Amino acid sequence: MNIIRVPGYEQMSRKAAECILSVLNQAGSPVLGLATGSTPKGLYAELILDHQKNGTSYKQVTTINLDEYIGLPVSDPNSYHSFMEQHLFCHLDVLPSNTHLPNGETADVKKECDRYEALIDQHPIDIQVLGIGQNGHIGFNEPGTPFGRTTHITALTSSTRQANARFFPSIEDVPKQAITMGIASIMKSRNILLLASGFKKAEAIKRLFSGEISEAFPASVLHHHPHVTILADDEALSSAT
Ligand code: PGA
């Protein structure tokens, strides 16, 4: 694991954007694995700024997101479709037909999982952006998820629902299930960039560096991947060192 320490969130976001831009410059038709949540918002703002200032084009770029809630309409402001549209896609020249998220409002979610995994196989991801949950989840792969899982339906833990409740009118409104890339799907990516910022991630980062590799702590699978960069700020690293 390559660990990059930065002072704070802004530097993390800038450095993450540099990593993504270097992939965009190398690959002819790059495939970006993207994440939602508070962590990558700064990265997306940096990519937008670069697009506006330097004209980096996304016309050849394909994006594949990690996950989506089940049961929320795509148009719901809290859907991950809406998040990506608002925080990234509508500001770039990426083709809508090249942006992919699981469809959480389809009647046959099992079939949707299979379709999504096939999509990942057709478009191998050059770099996958990850956040990390306080319980070590990556995507919505909660503790206990077998490392061999591909895209699947998952029940959100109460801690994850509570962490995400800040975006919803009340905790009852937070969906209970999601479609997520599995751990095996994530591990297919050529490169992985895990971002962590703030004291609330310090225990998870400490555990990630503890040497433990177990399904009880999903992010620990990354020790098995050959090209992982952990980009973390001083606060997130405060318990690890
Ligand atoms: P956050 O979520 O970026 O909103 O902290 C990360 C995650 O839960 O994976």
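The values are calculated or read from the model by the stated rules, or taken from the named source; none is laboratory data. None of the values given here were measured: they were computed from a predicted structure. All Cβ positions, glycine included, derive from the backbone under ideal geometry; neighbour counts span all protein chains shown. Heads up: the accessible areas ignore ligands, DNA and RNA and are worked out on the full protein's heavy atoms, side chains in. Shrake-Rupley method; radii C 1.70, N 1.55, O 1.52, S 1.80 Å.
Per-structure values
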{"quantity": "Whichever aspartates and glutamates have a C-alpha closer than 18 Å to that of K110, once near sequence neighbours (fewer than 8 apart) are set aside", "calculated": "D67, E68, D121"}
{"quantity": "Kirkwood Rh and Cα Rg combined as Rg/Rh, the range 97-163", "calculated": "0.97"}
{"quantity": "Rounded accessible area of D121 (nearest 10 Å², 1.4 Å probe)", "calculated": "90 Å²"}
{"quantity": "Accessible area of I153 in the full protein assembly, 1.4 Å probe (Å², nearest 10)", "calculated": "60 Å²"}
{"quantity": "Quotient of C-alpha Rg and 2.2 N^0.38 Å, computed over the chain", "calculated": "0.94"}
{"quantity": "Accessible area per residue, Å², the range 142-241 with all protein chains present, probe 1.4 Å", "calculated": "43 Å²"}
{"quantity": "Rounded to the nearest 10 Å², the accessible area of H224 at probe 1.4 Å", "calculated": "120 Å²"}
{"quantity": "Rounded percent of accessible protein surface that carbon and sulfur make up, the range 1-141, 1.4 Å probe", "calculated": "50 percent"}
{"quantity": "Estimated 222 nm signal from helices in the chain, with DSSP H stretches of n ≥ 4 weighted -39500 (n - 2.57), rounded to 500", "calculated": "-9000 deg cm²/dmol"}
{"quantity": "Neighbour cut-off at most 15 other Cβ (10 Å), DSSP loop, trypsin sites (Lys or Arg not before Pro), the range 1-93", "calculated": "K59"}
{"quantity": "Gain upon complete extension [D76, R190; 0.36 nm per residue less C-alpha separation]", "calculated": "37.8 nm"}
{"quantity": "The chain, dipole about Cα centre (Lys/Arg Cβ +1, Asp/Glu Cβ -1), debye to the nearest 20", "calculated": "360 debye"}
{"quantity": "DSSP bridge orientation in the chain - percent antiparallel, rounded to nearest 5", "calculated": "25 percent"}
